[in-house]
1. Quickly work out the residue 71-to-residue 166 label distance, labels modelled 7 Å from Cα along the C-beta direction, and quote it in nm with one decimal.
2. Using 0.36 nm per residue of separation minus the Cα-Cα distance, give me the extension gain between residue 19 and residue 126 in nm, one decimal.
3. Ratio to report: Rg/Rh of the range 192-238, with Cα atoms as the point set and Rh obtained by the Kirkwood method; give two decimals.
4. Distances over 19 Å make up what percent of all Cα-Cα pairs in the range 23-73?
5. Which whole-number value in Å³ per residue fits the convex hull of the alpha carbons of the range 97-251?
6. What's the exposure ranking of 211, 65, going from fewest to most Cβ atoms within 10 Å?
7. What full-extension length gain, to one decimal in nm, is calculated for residue 249 and residue 31 as 0.36 nm per residue of separation minus the Cα-Cα distance?
8. Largest first, please: the extent of the C-alpha atoms of the range 164-233 along each principal axis, to the nearest Å.
């Protein structure tokens, strides 16, 4: 009594059978079940699927905000180190030429700008894969690319989709950030503390980095400490270089 009867020939459920794996479910798991997502990534990285989404989202977004970037540059009275190398008129002419070309060839413009974001993700994935393997990780470079690409959909996908309507609504680009720098007054935009916070304290970037750490823990069989350091140190170095470039050259 109280025991479940199993008829002869009936099959017991396979508890080790992988859960279904397809694109919409991976996107769902990215935000709600990242552990399950990284288990799938370990078996089938499918990094190019996430890469195509990064290309499309960022290509479209960059094409739409291009005129706003140009107008901000025109209205900016602050000088930068770039002005001593190239005149503002030359920079404006280059930006206008790029936008005119984009207007004539929308698909080409989306592909070229989106490929820049995808290329950065590929390079970052290979760099992190190298550092994690140096720390004793047991995975492969395709798995590293998969971990970084799927996690990158948080800042490059969700973050871009959140910021895009804000940029289009306000007509401002440089001041839009998902970090504490968003609360700075308008005159502080571009200052040292604004740039540091905007680059190092972006919410969606840190969310994505934590998912990357989780992925390397599960797929590369690393402890939390080595996985965290192998991800954060290269990211901090690259981010510091980009922040310095923005401070020196103004954008």
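1. 1.9
2. Values: separation 107, 0.36 × 107 = 38.52 nm, distance 2.79 nm.
Gain on extension, residue 19 to residue 126, equals 35.7 nm.
3. Reported Rg/Rh (Cα atoms, Kirkwood Rh): 1.06.
4. 45
5. 123
6. Fewest-to-most ranking of 211, 65: 65, 211.
7. 74.9 nm
8. Computed over the Cα atoms, the extents are 46, 26, 13 Å.
Only the coordinates and a few stated rules stand behind these numbers; no lab work does. Note that the coordinates shown come from a computational prediction; the quantities given were computed from them, not determined experimentally. When we count neighbours, we look across all protein chains shown, and the Cβ atoms used for this are built from the backbone with ideal geometry, even at glycine.
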